[in-house]
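To keep things clear, I will list the structure first and then write my remarks on it.
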């Protein structure tokens, strides 16, 4: 590990390194068939519904994982331009293979820092199960919204979901699950609250919406009304 990396950079890299090629083969089953419904008390199909409701034909997916959500999205056939972004090269490789027919633009970037794509903005940006992996509280993480908004069209929409780690009435097994993932370094959400997410979105967007199901917060935000 680079000793010149900052503490937060090391935490980011630690979270990223967990997603090895072998893990990605079982990632979707663990996350959507086990963890989401049984540990986080949220029906997994709500995540795909959220994508179907908000994705647009000119779309960037950030923290793309395996690409399974995009592949399962009923609007996939209508996407004219697709960008996929992740810091982990394994995720980008697997997602690119899965979404090969869409000829995705591939970007490896750390969204805590400014990044470059093409000169054309995106009409929708999705970020599923990403924020809870990023170190810091929402006041520190909200630079992500600032960085992504630079690549969002004037009437574009940012949407996604994240796992909250505080101010939720958790069952004992959920508390233990969160503590374990935080200790391992997969989750960095011990201070993530519903209120904190709303405040962060409000500082960067005119319109925003946050709905919580179990431990999962679904959000969307835009400077153009979607209500």
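Looking at 87, 69, 98 in this structure, which one is farther than 15 Å from residue 31 by Cβ and touching a residue at least 40 places away in the same chain (Cβ under 8 Å)?
Numbers: 69 fails: farther than 15 Å from residue 31 by Cβ; 98 fails: touching a residue at least 40 places away in the same chain (Cβ under 8 Å).
That would be 87, the only listed residue that is farther than 15 Å from residue 31 by Cβ and touching a residue at least 40 places away in the same chain (Cβ under 8 Å).
What strands (runs of 3 or more DSSP E), lying completely within the stretch 98-193, carry at least 3 residues that are touching a strand residue (DSSP E or B) at 6+ places or on another chain (Cβ under 8 Å) and buried (at least 18 other Cβ atoms within 10 Å of the Cβ)?
Working: elements: 105-108, 122-128, 152-163.
Those strands (runs of 3 or more DSSP E) span 122-128, 152-163.
Across the stretch 194-206, which residue is surrounded by the fewest Cβ atoms within 10 Å (Cβ to Cβ) among those that are outside any helix (DSSP H, G or I) and touching a helix residue (DSSP H, G or I) at 6+ places or on another chain (Cβ under 9 Å)? Spell out the reasoning first.
Quick first cut of the stretch 194-206, residues outside any helix (DSSP H, G or I) only: 203-206.
Checking the rest, the ones that are also touching a helix residue (DSSP H, G or I) at 6+ places or on another chain (Cβ under 9 Å) come to 203-205.
Values: 203: 13, 204: 17, 205: 20.
The residue in question is 203.
Within the set of pairs 6+ apart or on separate chains, which have a first residue in the stretch 176-189 that is in contact (Cβ under 8 Å) with a residue 12 or more places away in the chain, a second that is part of a helix (DSSP H, G or I), and C-beta atoms under 6 Å apart?
177/39; 185/14; 185/15; 187/132; 187/181; 189/132
Give me the pairs, please: first residue somewhere in the stretch 112-138 and at positive phi and touching a residue at least 24 places away in the same chain (Cβ under 8 Å), second residue anywhere and in a helix (DSSP H, G or I) and surrounded by fewer than 21 Cβ atoms within 10 Å (Cβ to Cβ), beta-carbon distance under 8 Å, and either six or more positions apart or on two chains.
So the pair list comes out as 129/31; 136/8.
Which residue, of 62, 12, 3, 26, is out of contact with any helix residue (DSSP H, G or I) (no Cβ under 6 Å at 6 or more places or on another chain), at pLDDT below 95 and under 22 Å from residue 217 (Cβ atoms)?
Values: 62 fails: at pLDDT below 95; 3 fails: under 22 Å from residue 217 (Cβ atoms); 26 fails: under 22 Å from residue 217 (Cβ atoms).
From the options 62, 12, 3, 26, the qualifying one is 12.
Do you know which of the residues in the stretch 68-84 that are closer than 14 Å to residue 129 by Cβ and in contact with a strand residue (DSSP E or B) (Cβ under 7 Å, 6 or more places away or on another chain) is surrounded by the most Cβ atoms within 10 Å (Cβ to Cβ)? It would help to see each step written out before you state the result.
Start the filter on the stretch 68-84 by keeping residues that are closer than 14 Å to residue 129 by Cβ, which leaves 68-70.
So of that shortlist, the ones also in contact with a strand residue (DSSP E or B) (Cβ under 7 Å, 6 or more places away or on another chain) come out as 69-70.
Values: 69: 23, 70: 26.
Only one residue tops the list, namely 70.
Modelled with pLDDT under 95 and more than 14 Å from the chain's Cα centre (by Cα) - does that describe any residue in the stretch 204-212? Give the derivation first.
Of the residues in the stretch 204-212, the ones modelled with pLDDT under 95 are none.
No: zero hits.
Kindly provide the set of residues from the stretch 22-50 that are within 18 Å of residue 86 (Cα to Cα) and touching a residue at least 40 places away in the same chain (Cβ under 8 Å), ordered by number.
Once the filter is applied, which keeps residues that are within 18 Å of residue 86 (Cα to Cα) and touching a residue at least 40 places away in the same chain (Cβ under 8 Å), the stretch 22-50 yields 24, 28, 31.
The values are calculated or read from the model by the stated rules, or taken from the named source; none is laboratory data. All figures in this text were calculated on a predicted structure; none of them were measured in a lab. All Cβ positions, glycine included, derive from the backbone under ideal geometry; neighbour counts span all protein chains shown.
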